[in-house]
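The values are calculated or read from the model by the stated rules, or taken from the named source; none is laboratory data. The shown structure was predicted, so the numbers you read here are calculated from the model rather than taken from an experiment. When we count neighbours, we look across all protein chains shown, and the Cβ atoms used for this are built from the backbone with ideal geometry, even at glycine. These accessible areas exclude ligands, DNA and RNA; they are computed on the full protein's heavy atoms, side chains included. Shrake-Rupley method; radii C 1.70, N 1.55, O 1.52, S 1.80 Å.
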Amino acid sequence: MPQPAAAVAATVTNPVLAEVVRSGFVEGRHRGSLVLLGPDGSVELALGDVTSPVFPRSSNKPMQAAGVLRAGLELAGERLALAAASHSGEAFHRDLVRTMLDEHGLSPKHLQCPPALPLDQEEQEAYLTVGAGRDRVAMNCSGKHTAMLAASALRGWPLESYLDADHPLQRLIRTVVEEAAGEPVAAIGTDGCGAPLMAISLCGLARAFRSFVLAVPGTPERQVADAMRAHPEYVAGTRRHDTWLMREVPGLLSKVGAEAVQAVALPDGRALALKIEDGSARALGPVLARALGLLGVTAPVINRVGRLPLLGGGREVGEIRTVF
């Protein structure tokens, strides 16, 4: 059985990956860990502890989506991308969640993710302006939960306990995670949406993404990777870096996770996984852009992802810069 998370926490001191520079003065630092894999799967760069388990958070969603396919659920296109999503809660996301629920004889009442506002700030403002409130469909994981419910309904598995770690679907998802990562799940916790959260190392996470892009066409893993890359706006949103990267770098697979986790794979097998130790999302873009550069990605979108200016009095006075 997996150990409790506290029993397997990393003890290695991770290096500083990014500095917060304001008016020429370093006012903060972000430590983290990062691994880059070459086309053959070998480790080309490891910074910090990349072998101890971490919670990948939503970076595990491609594996969860592959699990519902292995359970026999037929999903493709935008629907499959949404099953692997941390969507922004934009209207087209919410509409498709409701459509998928209806297609499988379900309703929003079946969802056990918590009620939430749209993740995207612009969408949230528009949503509140018309008087809408917190809703399970608007929660960024509602696509994943819809797919989990649909797979459970298809197999005759209990709907009320679909988030239990011992539920047949969650056991199947654990198998997918372990096969893709090439290592056992070290701990099981509860994610922010209520679903089981399975801990693996950053090396394992990078291997998992690599295995999805290299999987044989038609397999559940490749179906997920292909759907995400074909419909990135359903994986994230119109103003999110996962969408930009998958839209503008051919064949790239990308998925962010809470607490500043990120995994990426390129179609030739190059891959990366990283985690900012303090969970700060503000350091994620610059570190990700630098890591992609080290993997040889040179698309203009990298600068867009990596640039994070600091403002003072409404004007730019500094930046978050990488130090590796």
Qualifying residue in segment 225-242 (condition: modelled with pLDDT of 95 or more, more than 30 Å from Asn303 (Cα to Cα), open to solvent by 10 Å² or more (accessible area, probe 1.4 Å) and β-branched (Val, Ile, Thr)): no
Unmet requirement for Val50, which otherwise passes all of (1) in a loop (DSSP other than H, G, I, E, B); (2) farther than 27 Å from Ile200 by Cα; (3) in contact with a strand residue (DSSP E or B) (Cβ under 9 Å, 6 or more places away or on another chain): (2)
Residue that is modelled with the highest pLDDT, among those in segment 1-14 that are assigned to a loop (DSSP other than H, G, I, E, B) and either surrounded by fewer than 16 Cβ atoms within 10 Å (Cβ to Cβ) or basic (Lys, Arg) (or both): Thr13
When residues of segment 104-142 are limited to those that are in a helix (DSSP H, G or I) and in contact (Cβ under 8 Å) with a residue 24 or more places away in the chain, the one least open to solvent (accessible area, probe 1.4 Å): Ser142
Residues located in segment 223-266, provided they are under 12 Å from Ser86 (Cβ atoms) and among the small types (Gly, Ala, Ser): Ala236, Gly237, Ser254, Gly257, Ala258
Subset of segment 270-289 (residues that are buried (at least 18 other Cβ atoms within 10 Å of the Cβ) and in a loop (DSSP other than H, G, I, E, B)): Arg270, Glu277
Unique residue being out of contact with any Leu (no Cβ under 8 Å at 6 or more places or on another chain) and closer than 24 Å to Ala227 by Cβ when the list is Leu111, Leu149, Leu119: Leu119
Counted residues, segment 182-210 - those being more than 15 Å from the chain's Cα centre (by Cα) and either in a loop (DSSP other than H, G, I, E, B) or buried (at least 24 other Cβ atoms within 10 Å of the Cβ) (or both): 6
Count of segment 158-181 residues which are farther than 28 Å from Leu47 by Cβ, open to solvent by 10 Å² or more (accessible area, probe 1.4 Å), in a helix (DSSP H, G or I) and of a type outside the set (Ser, Thr, Tyr): 4
Segment 31-47 - residue that is in a strand (DSSP E or B) and either at pLDDT below 95 or open to solvent by 10 Å² or more (accessible area, probe 1.4 Å) (or both) and, of those, nearest to Ile276 (Cα to Cα): Arg31
Among (1) in a helix (DSSP H, G or I); (2) open to solvent by 40 Å² or more (accessible area, probe 1.4 Å); (3) under 28 Å from Gly48 (Cβ atoms); (4) acidic (Asp, Glu), the one test that Glu221 misses: (2)
Filter result (open to solvent by 50 Å² or more (accessible area, probe 1.4 Å) and either aliphatic (A, V, I, L, M) or assigned to a helix (DSSP H, G or I) (or both)) within segment 290-308: Arg290, Leu294, Asn303, Arg304, Leu308
